[in-house]
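Comments concern the structure below.
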Amino acid sequence: MARKHRRALPDVSEADVMPTEHASVLTGNEALIAEIREIADKLERDQTTRGDLKIITRALKELRYAFKVFKPFRRTRKVTVFGSARTPADHPTFQQAVEFGRRMAEEGWFVVTGAGGGIMEAAHIGAGRDYAMGLNIMLPFEQDANPVIEGDKKLINLKYFFTRKLLFVKEVHAITLFAGGFGTQDECFETLTLVQTGKRDLMPIVCIDSENSTYWQDWLGYVKDHLVHDGLISPSDLSLFKVTSDIDEAVDEIMGFYCVYNSMRYVRDKLVLRLHKQPGPELVERLNDEFSDIVLRGKIEPVDVHPLEADDEHLAQLPRIALYFNRRDHGRLRQMVDLINDELGDDEDDDS
């Protein structure tokens, strides 16, 4: 994949906000707002303890503000970068994270990190302030916002890990992990669990080793020797992520995933895949032959935009295929998306 020059920042007016999940012309928001008020009334009626109320109130405040910050940028791709806050600037992994952040910003992607030091600061250095977004956790140690993102309107300070972790996965289109401690391992397994169970749409997940480290290769060995070997996960679940020590390969993995595939959405019981190119009859037949095991009934077939996708108007022109997916074998679904990208992708840029 050819390298690109850094793109100008997108024009993010109110009209550009991605409507999926955040606005709908099919059902108004009034009912949802009324439900929030009803829940508040129930909390009073239940005589909820002050401690519990403080957790609920703070979480709601954090999410409301975070959604407000992310809202103008939802039509722009974003990648989350995880890794240790303790990695020094002279470490090879730090330099890799700088390069990765730079490369993704050149592709027009925002780089989202925990806003701290180490790998988080490195990725922000590479991306630059304009393309940096931060989700800072307030801790009594280790975690002040790094100089790149400090004071920026795209920095969000959070008290709770659970609201922060939601945003790391919900608001982005790819996840990248460098070496890190308990937090990085937690974020890796949680992200994989969400994608494996369909609680989060498919997206690239890339684990990056430095040239002199086998951190993720050793982790992959554990996953194969214990989780796959003992039948605790399916062999196809290995398709949900990639381990590499090459930044070019990491960037290509992310960009290649979206070269033909755009997004997915359930319309009633059918899974609809929105694509940048229409698969021909031969490819559709091949998909049905090779992936019949994930189809509950009927066939994988091209479809027109459904009226229930009216709130995705900006995607209405995209070709689509649909299937009654079993909602279980997401590793196999990822393999199908990879096949579509391999067969229809090329070196030409596709707008997403």
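Bear in mind these aren't lab numbers, they're just calculated from the coordinates by the rules spelled out. Computed from a predicted structure; not experimentally measured. Every residue, glycine among them, receives a Cβ derived from its backbone with ideal geometry; neighbour counts consider all protein chains shown.
Tabulated data for the structure shown
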| read-out | value |
| --- | --- |
| Stokes-Einstein diffusion coefficient of the range 261-344, Kirkwood radius over Cα pairs, 20 °C, 1.002 mPa s, in µm²/s | 166 µm²/s |
| Amide proton proximity set for CYS207, modelled H, under 5 Å, gap of 5+ | LEU177, LYS242, VAL243, THR244 |
| 26 Å Cα-Cα threshold exceeded, pairs from LYS54/LYS78; LYS199/LYS270; LYS61/LYS154; LYS159/LYS224 | LYS54/LYS78; LYS159/LYS224 |
| Sequence-distant residues sharing a close amide H with ILE156 (under 5 Å, placed H) | GLY134, LEU135, ASN136 |
| Net length gained if the chain between LEU53 and LEU139 were fully extended (0.36 nm per residue, minus Cα distance) | 28.8 nm |
| Within the chain, longest stretch free of exposed trypsin sites (Lys or Arg not before Pro) [DSSP loop, at most 16 other beta carbons within 10 Å] | 200-267 |
| Gained length - LEU308 relative to GLU150, 0.36 nm times residue gap less alpha-carbon distance | 52.7 nm |
| Given charges at Cβ of Lys, Arg, Asp, Glu: the chain dipole, positive-most of CYS207, ALA34, ALA97 | ALA34 |
| Normalised contact order of the chain, rounded percent, pairs of Cα under 8 Å and 6 or more residues apart | 15 percent |
| Residues of type aspartates and glutamates that LYS68 reaches as a straight line, Cα spacing below 17 Å, ignoring anything fewer than 8 places off in the same chain | ASP11, GLU14, ASP16, GLU21, ASP152, GLU171 |
| Taking the range 261-344 and dividing mean pair separation by its residue count, relative contact order in percent (alpha carbons under 8 Å, at least six apart) | 37 percent |
| Total charge dipole magnitude, the range 56-175, about the Cα centre, Cβ charges on Lys, Arg, Asp, Glu only, Debye to nearest 20 | 800 debye |
| Stretch gain in nm, segment LEU63-ARG37, where the contour uses 0.36 nm per residue and the Cα spacing is subtracted | 7.7 nm |
| For the range 196-285, size of Cβ-based charge dipole, Lys and Arg +1, Asp and Glu -1, in debye | 760 debye |
| DSSP bridge pairs, the range 73-257: antiparallel proportion in percent, nearest 5 | 0 percent |
| Among THR49, ILE137, ASN262 - extreme Cα towards positive end, dipole of the chain, charges at beta-carbon | THR49 |
| Cα centroid of the range 181-237 to Cα centroid of the range 90-123, whole Å | 20 Å |
| Signed unit charges on C-beta, dipole axis of the range 261-344, positive-most listed residue ILE321, LEU271, LEU339 | LEU271 |
| Loop-resident sites, the range 123-207, for GluC sites (Glu not before Pro), counting at most 15 other Cβ within 10 Å (DSSP) | GLU142, GLU150 |
| Antiparallel content of DSSP bridges confined to the chain, in %, to 5 | 40 percent |
| Debye, to nearest 20: dipole size of the chain, +1 on Lys, Arg Cβ, -1 on Asp, Glu Cβ | 1400 debye |
| ³J(HN,Hα) computed for each position of the range 273-281 - Karplus, 6.51 cos²θ - 1.76 cosθ + 1.60, integer Hz, glycine/proline x | 9, 8, 10, 8, 9, 7, x, x, x |
| Rg/Rh ratio calculated on Cα atoms of the range 34-93 (Kirkwood radius) | 1.23 |
| Nearby aspartates and glutamates by direct alpha-carbon distance to LYS299 (threshold 18 angstrom, same-chain neighbours under 8 apart not counted) | ASP269, GLU282, GLU285, ASP289, GLU290, ASP329 |
| Built amide H within the under 5 Å cut-off of GLY128, gap 5+ | none |
| Karplus-derived 3J(HN,Hα), 6.51/-1.76/1.60, for each residue of the range 106-122, Hz, glycine and proline x | 4, 7, x, 9, 7, 10, 9, 9, x, 6, x, x, x, 4, 4, 5, 4 |
| For the range 73-257, the Rg and Dmax computed from alpha carbons only, in angstrom | 15.4, 48 |
| The chain: calculated mean residue ellipticity at 222 nm from DSSP helix runs of at least 4, using -39500 (n - 2.57) | -11500 deg cm²/dmol |
